[in-house]
Amino acid sequence: MKPVTVKWQRNLFIGTFIVPTFVFFCIFTIYPVVQALYYSLFDWSGMSENKTFIWFDNFKDMFRDPIVWRAVGNDYFLVAGKIVGIMILATFFAVALTRFNFKLAGFFRSIFFIPNVISVVVIGVLWNFIYNPQIGFLNAFLSLFTKEKVDIAWLGFTSHTIWMLLPPAIWAGIGFYMILIIAAIQNIPASFYEASELEGAGQWHQFRTITVPLVWEQLKVSIINIMMTTLNGSFVIVWIMTEGGPDNSTQVMGSYLYQMAFRQYHFGFAAAIGVLILVLSLITTIVLQRLLHQETVELS
Amino acid sequence: MALNRKTAALGIAAMVALMPLAGCGSSNNDNAGGASGSSSPSPSASASPSESASASPSESASASPSASQTKLTGDFEIQYFVGGYGDKWWKKVIADFKAANPDLNVIEDGGPKINDQNKPRWIGGNPPDFVYIDGPNLNDRQMVEDGQLEDLTEWLQTATNIDGDKILDILAQAPQQYDGKIYNIPLVLNSWGIFWDKALFKEKGWTEPANFDEFLQASDKIKADGITPFIHTGKYPYYINGAFLYPAIVSNNNDDYTILQDMAANKIDAYKSPAVLAALNQIVQLRDKGFIDKASIQINHTDSQMLFLQHKDAFIPNGLWLPNEMAKDVPQGFDFGFIPSITQKAGGKVVANTSTATVAIAKKAKNKEAAKAFLQFIFSKAQASQWAELSGAPSNIKGDISNSNAPNFVKDAAKYLTDPNTVVIPTITFNADVDKAMQDATDALTINKITPEEWVKRVTDVVAKVQK
């Protein structure tokens, strides 16, 4: 009799945590996803009382729309650019601030983390000022070295304007991943480094053979997290800085979704883009998991 | 981790297959039910007026010149967006209307976010009775296409305002027609156009332009003096389209604005007219002469207006709300010069592309009688001058407002727009897809990415797609 009650109590205890979470997950994650899938099968303006069921016509239109392809390309460009930029810089800063004992490490750690405390909206506005052709910092700075005043429209190139969104995105991302990697590095026992030093290993060798394998799990999480937040969240910085312009050259899937749903009144089509984002995020996550799979080195 | 993700993906996929239709159909009904339950407290009021209104729409409201003869009762709900024109006039006119109809319970739905707040009710088929169509996320053409607005065509043929004047006769700009039908009536008469600073022109000895040749000559001098002649709002290209391109198309079409109406009706031939190419080539001229500020392409309206006020640029395409909008930042001594269009030939007529906000009655309104009476109430001369005074923009009702307390630039604008030598383009709303295509294409044109011919090709492709 007694063991059953204990077991029941245990289940009740676990249930009180799991059931509400599961319910909220269903309401706030599963239900909207299903809802989006549902709407993506309709021709709906987003305001009308009537929706027309059109099967997969929205998806057919979507694959025929060159702007969608450009948006997907831009999204993956941002993913790749941010992974490379953020991971290199964050790892570099993390190693620099932990492995080379210099005095101002704490100070720089705070400095590098500051962009993470600022809202992306503020970052977008800030960089809009940096890029402003007339009164912007960048042109003013470049003008110091030239005779003529520099008047480049940094966000107004005929193509490849998406490149200009990379610096703010990287700048905004470094701090968090740096802290993550710092924490991982500090978990590595100092004796490993001492031993390798006695064996005559230099800093680079230590980095390659001790640091990277032992923080690999954190690097992997960082890369996948950058990928997911970019595919789902690049909308904010794009919308603040360019609204997808000029001439759709900086459109990402999120911004095009917004444009279609709320500016051009194609809610069903926008929902289809949402489904595309979901599918691409899932596929990319699985692919990246596979690619980054490496025997985890366990500390014991 | 990987496994969990995979199972999650599988789970979602399974749900995709099974759940959506059943689950969401019911949720929609819930939404509609919830909205209607919360906001229409008197279902009895909803049944009777609409029946009587549909039975005798023209007799009940328009035949009697003063609406107050028929006693209005029940609830009457007004949705109005609060933006650049403020809400002072709405508060005032609603108070006046209440005073005239003491038995009517007027409910106000006003605010800067009201379009979003009331959206579920429009979707759920329980809209407010009367709507002021202005601000984001509310598009008159889309509302007409979605069948949400009451057809006013017949009623307007005879409708008179509370003073006994026929409403159609006193409107400065006619309502837009959708396949020959009228659903919404313009309330505001504002105009796009080109601005400059008269004081700066005087100081530098430049001539204020009255036509395109003079504009080019002045721009040459301005450029020689080290100032960029022309800045626009590239992030929102509807500014340059509204203030430069559309008037130019009309000027090049012998001042016949029906070409724009044909374009809005998605007639491809209208887009292929030589007038469109000629107008686009006027933009190309500005571009190739280096008159367009390179900053334009990436900046929003506030930034472009600030640069203009700081004399970094001499001309800006904008709307008559500009002095009001930037009131706090206008430097001392700045004197706004304005012309509705700059693309006409020497001696040609000025073309004013109007910008407006309209009012309409919901198709599913519960108190159409009151809504029509409210239309008769607001389209009167007294309310017109009150609108100009309280909102800082000219009203769409013909009449002399020179004696009202409206600000000076409003009076000037009104003078321009009622001048017989001005071609006034009545309000036009393009299909949202076509509008976006034109904006993108114009942007691309100003940065030398496409040619005018490619502009036409791009836009006609979208028009063809929209027609389907």
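A Stokes-Einstein calculation at 25 °C with viscosity 0.890 mPa s, built on the Kirkwood radius of region B:261-401 over Cα pairs, returns a diffusion coefficient of 127 µm²/s.
Looking at the P(r) of region A:7-94, how many percent of alpha-carbon pairs lie beyond 22 Å?
Tail of the P(r) past 22 Å holds 63 percent of the pairs.
The mean of 1/r over all distinct Cα pairs in region B:347-391, once inverted, gives the Kirkwood hydrodynamic radius of 13.3 Å. What is the distance in Å between the Cα centres of region A:230-282 and region B:108-146? Each part reduced to its Cα centre gives a spacing of 24 Å.
Positive end of the dipole of the protein assembly as shown (Cβ unit charges, origin at the Cα centre): among A:Gln186, B:Ile361, A:Val72, the Cα lying farthest that way belongs to A:Gln186.
The order of B:His232, A:His293, going from fewest to most other C-beta atoms within 10 Å of their C-beta, is A:His293, B:His232.
Available extension along the chain between A:Ile30 and A:Ser159 is 42.7 nm, counting 0.36 nm per residue and deducting the alpha carbon span. In order along region B:199-206, the Karplus-derived 3J(HN,Hα) couplings, from 6.51 cos²θ - 1.76 cosθ + 1.60 at θ = phi - 60°, round to 4, 5, 4, 5, 4, 8, x, 8 Hz, and Gly and Pro are given as x. All C-alpha to C-alpha distances of region A:68-155, sorted into 5 Å bins beginning at zero, yield P(r) values of 3, 11, 11, 14, 17, 18, 15, 8, 3, 0 percent in whole numbers.
Cβ under 11 Å from B:Phe334's Cβ, B:Phe334 left aside: what net charge do those residues give with Lys, Arg +1 and Asp, Glu -1? Surrounding charge for B:Phe334 is -2. When you work out D = kT/(6 pi eta Rh) for the protein assembly as shown at 4 °C and 1.567 mPa s, using the Kirkwood radius from C-alpha pairs as Rh and the Stokes-Einstein form, the result is 43 µm²/s. Scanning residues 5 or more positions from B:Phe195 or on other chains, those with amide H under 5 Å from its amide H are B:Ile316, B:Asn318, with H placed 1.01 Å from N in the peptide plane. Ordered by the count of other Cβ atoms within 10 Å of each Cβ, fewest first, A:Met253, A:Met87, A:Met260 give A:Met87, A:Met253, A:Met260. The distance linking region B:154-215 with region B:251-274 is 19 Å (Cα centroid to Cα centroid, whole angstrom). Considering only the other residues whose Cβ falls under 14 Å of the Cβ of A:Gly244, what net charge follows from Lys and Arg at +1 and Asp and Glu at -1? So the environment of A:Gly244 carries a net charge of -2. Other residues whose C-beta falls under 9 angstrom from the C-beta of B:Ser380 contribute a net charge of -1, scoring Lys and Arg +1 and Asp and Glu -1.
Using Cβ contacts closer than 10 Å as the measure, can you line up A:Val236, A:Val19, A:Val68 from fewest to most? Don't skip to the end; give the middle numbers.
Working: A:Val236 15, A:Val19 10, A:Val68 21.
Going from least to most buried by this count: A:Val19, A:Val236, A:Val68.
Distance between the modelled labels on A:Val279 and A:Arg10, one decimal in nanometres: 4.4 nm (7 Å Cα→Cβ projection).
Considering only beta bridges that DSSP places wholly inside the protein assembly as shown, some 60 percent are antiparallel. Its Cα gyration tensor gives region A:57-292 an equivalent ellipsoid, and the semi-axes of that ellipsoid, as √(5λ) in whole Å with the largest first, are 37, 25, 14.
In summary, region B:331-468 shows an alpha-carbon radius of gyration equal to 1.39 times the 2.2 N^0.38 Å reference for compact globular proteins. Using R0 = 45 Å, the C-beta based FRET efficiency linking B:Ala199 and B:Lys113 works out to 0.70.
The Rg/Rh ratio of region B:293-338, with both radii computed over alpha carbons and Rh defined as the Kirkwood radius, is 0.92.
Membrane-span-like helices in chain A, defined purely by DSSP H runs whose alpha carbon atoms cover 15 Å or more axially and whose average Kyte-Doolittle hydropathy reaches 1.6, are A:120-131, A:166-186, A:267-292. Inter-part distance, region B:421-449 to region A:141-190, computed on C-alpha centroids, equals 35 Å. Taking the empirical scaling 2.2 N^0.38 Å for compact globular proteins as reference, region B:104-145 has a Cα radius of gyration ratio of 1.16.
Every read-out reported here was derived from the displayed coordinates using simple, explicitly stated rules and does not represent laboratory data. All of these numbers come straight from a predicted model, not from anything done at the bench. A quick note on method: Cβ atoms are made from the backbone with ideal geometry, for glycine too, and the neighbour counts reach across all protein chains shown.
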